[in-house]
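Contents: one structure, followed by commentary.
The values are calculated or read from the model by the stated rules, or taken from the named source; none is laboratory data. Here the structure is a predicted model, which is why all the values come from computation and not from measurement. Cβ placement follows ideal geometry from the backbone for every residue including glycine, while neighbour counts extend to all protein chains displayed.
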Amino acid sequence: MLVVLSAQPDLCNTSLQQGFVSRPDYRLLTKFEQRGLRLGHGVWDLIFTKRCHDN
């Protein structure tokens with residue numbers, strides 16, 4: 001998903017490092033995510049915004 005979203009010229013990644021962000025406080029932890037974490041799987045968040053053009 002990071003590669004696909006990053007390739008979109010109208011989107012801007014809000015992360016300043018490695019493309020991923022920490023889970024935002026406003027996003028609840030899902031049962032699916034809790035299970036993945038319990039099993040030792042990595043969980044990463046992506047937050048992209050619509051890019052403002054200066055043209």
Residue match in the range 5-13 (condition: part of a helix (DSSP H, G or I) and touching a strand residue (DSSP E or B) at 6+ places or on another chain (Cβ under 7 Å)): yes
Test: residue in the range 20-43 that is of a type outside the set (Phe, Trp, Tyr), modelled with pLDDT under 95, touching a helix residue (DSSP H, G or I) at 6+ places or on another chain (Cβ under 7 Å) and assigned to a strand (DSSP E or B): no
Single residue of the range 5-21 satisfying the filter (surrounded by 10 or more Cβ atoms within 10 Å (Cβ to Cβ) and farther than 17 Å from Lys50 by Cβ) that is farthest from the chain's Cα centre (by Cα): Gly19
Matching residues in the range 23-55 - criterion: being in contact with a strand residue (DSSP E or B) (Cβ under 7 Å, 6 or more places away or on another chain) and hydroxyl-bearing (Ser, Thr, Tyr): Thr49
Test: residue in the range 36-55 that is touching a Lys or Arg at 6+ places or on another chain (Cβ under 6 Å) and either surrounded by 10 or more Cβ atoms within 10 Å (Cβ to Cβ) or of a type in the set (A, V, I, L, M) (or both): yes
Near pairs, Cβ below 7 angstrom, 6+ apart or cross-chain, from the range 1-22 (without any contact (Cβ under 8 Å) to a residue 60 or more places away in the chain and farther than 12 Å from Trp44 by Cβ) to any residue that is in a loop (DSSP other than H, G, I, E, B) and among the aliphatic types (A, V, I, L, M): Leu5/Leu46; Thr14/Ile47
